[in-house]
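Just below is one structure, and these are the notes that go with it.
The values are calculated or read from the model by the stated rules, or taken from the named source; none is laboratory data. Quick caveat, the model's predicted, so the values are computed rather than measured. Backbone-built Cβ (ideal geometry, glycine too); neighbour counts: all protein chains shown. The area values use the complete protein model at the heavy-atom level, side chains included, leaving out ligands, DNA and RNA. Shrake-Rupley method; radii C 1.70, N 1.55, O 1.52, S 1.80 Å.
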Amino acid sequence: QVQLVESGGGSVQPGGSLRLSCVASGNIFIINVMGWYRQAPGKQRELVATSTSEETTNYADSVKGRFAISRDNAKNTVYLQMNSLKPDDTAVYYCSFYSRGIAYWGQGTQVTVSS
C-alpha cells in the first residue's frame, strides 16, 4: 500500500516563503510524475506544478517565477518551494504521484497567506 505524506504547510504573511515536502512510502518504484495541486475554499482543485521522471517541469501561470518544484527520486520525495506568497495562494495543497497508471494522493496540507 502506498502512502503520501505532506508537510511544511502553515501560516505566513504576504511576501513570505514556505517549503512543502511530500514523501511516498510503500510499494512504489517508478514514479513517472510528481506534482502539487491546491484547492481553495469554494474552488476546484487546480494544478500548481509537476515534474516528470525526465525532470521536465510545468507550472500554473499564477505561480511561475515564484514557486519551484524539485524531486529526490532516491527518497521518493517531492518539494515545492513557494516564495513571494500572496493571499490568493491560500489553499490546501496536495501532492500527487503517478506511477504505472495509478495516481496516488496525499491528505493535504493547509497554506494560509494573510497579514
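For the reader, a short list of remarks on this structure follows.
- Residues of the chain: accessible area per residue with a 1.4 Å probe, Å²: 53 Å²
- Percentage relative contact order, the chain, counting C-alpha pairs under 8 Å, at least six apart: 37 percent
- Atom-type composition of the exposed protein surface of the range 34-115 places 46 percent of the accessible area on carbon and sulfur (1.4 angstrom probe).
- Cut-off 15 Å between beta-carbons: net charge of the residues surrounding residue 28, Lys and Arg +1, Asp and Glu -1: +2
- Set against the 2.2 N^0.38 Å expectation for a compact globular protein, the range 54-108 has a Cα radius of gyration ratio of 1.24.
- With 0.36 nm allotted per residue and the present C-alpha distance subtracted, the residue 2-residue 83 stretch has 26.2 nm of extension available.
- Proximal charge balance of residue 79 [Cβ under 11 Å; K/R count +1, D/E count -1]: +1
- For residue 86, the lysines whose Cα falls under 22 Å of its own Cα, not counting residues fewer than eight places away in the same chain, are 43, 64.
- In the chain, the DSSP beta bridges split such that about 95 percent are antiparallel, to the nearest 5.
- Using only alpha-carbon positions in the chain, the gyration tensor eigenvalues give semi-axes of 24, 14, 12 Å once each is multiplied by 5 and square-rooted (largest first).
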